[in-house]
Amino acid sequence: MSKKYPVREIILELLLEINEEGTYCHTAIGNTLKKYQFLPKQDRAFITRVCEGTVEYAIQIDYIINYFSKIKTTDMKPVIREILRSGVYQLMYMDSVPDSAACNESVKLAQKKGFYSLKPFVNGVLRTIARRVNEVEYPPKATPVAYLSARYSMPESLVQRWVGSYGGDITREMLKSFLEEKPVTVRISGNSDKEKVLESLRKQQVKVEKAPYLDYAYYISGYDHLMTLDAFWKGEIQVQDVSSMLVTEIAHPSKGNYIIDLCAAPGGKALHMAEKMGDFGMVDARDTSEHKVNLLKENILRSGAINIRAKRQDATVFDTESVLKADIVLADVPCSGYGVIGKKPDIKYKMSSHKQQELVILQRKILSMAVDYIKPGGVLIFSTCTIADEENRDNYQWLLDNYPLEPDSLNPYLPRELHCMTTSRGYLQLLPGVHKTDGFFMARLKKTEA
């Protein structure tokens, strides 16, 4: 660890910012690493690992602390609570940190922050957990919601909903999947020589593994930074989850199509659709902010695509110039993000039922306008990165009930192993731990001629 800049103190300040001030985990960590960009790579990695892990496992960690401590985490001073949480994470999930170091450094940090009188408490709780963590008794499996919540660190409210929708066994597999480390997934451009791209990555010491379902999808790991990879700068690879790639497959663009992507940033699907059309047609990639549009423009420039344009346009504001113009409209609408909790763990703490209902209203506003932009016989592709029925199947049915749309089977466009009862009816719900992807929903609906 750095002698000049004590990383555990930086971690403590980060956790207080995340849990007490409500800053999103990735935002807080990103800003902090930018501030301390001169720290050694090892220190920066340690900060990231402990912060992300402590946030991800907070419910389980609190359960363990409360099992051994007379003072419950809800009654602790925030500084002590975060010191204990990060200490327990290091004890349980970081073999590279000796138990003695996790305990001693936590005690020193408590003293440094002015809690000299609480040093014995911090020391006692952490050393007890280090010795006896295997004695922890989780709630009985006969009470599945409480058990799954504590065991897999997920709020009981979400566990309750998913058990109701998917059953206990599938919910357990999803929760396990959320806690598994996810490699970066990339799409190899169809304009590139795949074998040469793979060779280039391996020459730069990148570990490359085949991803499921699509022959151009790969996992990559073992590199320092994406921007150091030649294949990235040449536009030969695009970071994109397999679930997102499948959306383009079901859109099935043809040469000459005019496509509107309403919520396009950072541009993975839009670029994929442009690539599918060769140099023909046009993808109109839109998003709400200048920042997001700049991300789109950067990715377009890097890819070298000539049949895609990025512009700032709010999907909730009706665009009269787009009425009946599009062969395909992609509405990858804002959502709760429950399908990507494994990559963004604090989603599970920040999304409320009220916020979700507001999202459903927003989604329907965007979808209702999207329908008007489609030519008769054209296609609406509706997708989200969530596993919530309210945002997915309920919206799908709402579209069918209220607009001149009919389901269009996904089976001609998907790998056979993904065919199921619903794909023939025009939609697919991907579930983490069940499918080899993020949690994702996608639907294909055709606009009738009438």
MET282 to GLU181: extension gain in nm, 0.36 nm per residue of separation minus the Cα-Cα distance?
-> 32.7 nm
Please go through the residue pairs LYS176/LYS269; LYS269/LYS311; LYS344/LYS365 and name each one whose alpha carbons sit more than 18 Å apart in this structure.
-> LYS176/LYS269; LYS344/LYS365
Backbone N under 15 Å from the HIS419 label point (7 Å along Cα→Cβ), restricted to region 244-259 = none
Taking every alpha carbon pair in region 370-450 and sorting the distances into 10 angstrom bins from 0 up to the bin holding the longest one, the percent per bin comes out as 19, 50, 26, 4, 0
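What does the helix-only formula give at 222 nm for the chain: each DSSP H stretch with n ≥ 4 adding -39500 (n - 2.57), the total divided by the residues, and the result rounded to the nearest 500 deg cm²/dmol?
The per-residue figure over the chain is -14500 deg cm²/dmol.
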Quick one: net charge around LYS343, please, counting Lys, Arg +1 and Asp, Glu -1 for every other residue with C-beta under 13 Å from its C-beta.
-> -4
Tally Lys/Arg at +1 and Asp/Glu at -1 over every other residue whose Cβ is under 13 Å from the Cβ of PHE68; what's the total?
-> +2
Given the protein chains as shown and a 1.4 Å probe, how many square angstrom of LYS113 are accessible, to the nearest 10?
-> 70 Å²
Quotient of C-alpha Rg and 2.2 N^0.38 Å, computed over region 49-165 = 1.10
Values of log10 I(q)/I(0), in the order q = 0.17, 0.18, 0.19 Å⁻¹, for region 281-408 under a Debye, Cα-only, solvent-free model = -1.03, -1.12, -1.20
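So for region 161-260, averaging the separation of alpha carbon pairs under 8 Å that are six or more residues apart and normalising by length, what relative contact order in percent results?
Contact order relative to length: 28 percent.
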Reduced Cα scattering model of the chain, Debye log10 I(q)/I(0), q = 0.11 Å⁻¹ = -0.95
Working from Cα positions, state the angle (0 to 90°, nearest 10) between the long axis of helix 194-203 and the longest principal axis of the chain.
-> 20 degrees
In degrees rounded to 10, the 0-90 angle between helix 290-303 Cα long axis and the longest Cα principal axis of the chain is 70 degrees
Relative to the chain, whose Cα atoms define the longest principal axis, helix 78-93 and its Cα axis are tilted in degrees, nearest 10, by 80 degrees
Step through the residues of region 376-393 one at a time and calculate ³J(HN,Hα) from phi using the Karplus curve (6.51 cos²θ - 1.76 cosθ + 1.60, θ = phi - 60°), rounding each to whole Hz and writing x for Gly and Pro.
-> x, x, x, 10, 9, 9, 10, 9, 8, 10, 10, 10, 8, 4, 4, 8, 10, 5
The chain - charge dipole about Cα centre, Lys and Arg +1 at Cβ, Asp and Glu -1, debye rounded to 20 = 1300 debye
At a Förster radius of 60 Å, what calculated FRET efficiency corresponds to the Cβ-Cβ distance of HIS225 and THR128, to the nearest 0.05?
-> 0.90
Put TRP162, TRP398, TRP233 in order of accessible area, largest first, 1.4 Å probe: what do you get?
-> TRP233, TRP398, TRP162
Where the centre of each part is set by its Cα atoms, how far does region 355-405 sit from region 216-265, in angstrom?
-> 24 Å
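The values are calculated or read from the model by the stated rules, or taken from the named source; none is laboratory data. Keep in mind that what you see is a predicted model, and the values were worked out from it rather than measured. Virtual Cβ from ideal backbone geometry, glycine too; neighbours counted across all protein chains shown. Accessible surface is based on the protein model in full, side chains and every heavy atom, while ligands, DNA and RNA are left aside. Shrake-Rupley method; radii C 1.70, N 1.55, O 1.52, S 1.80 Å.
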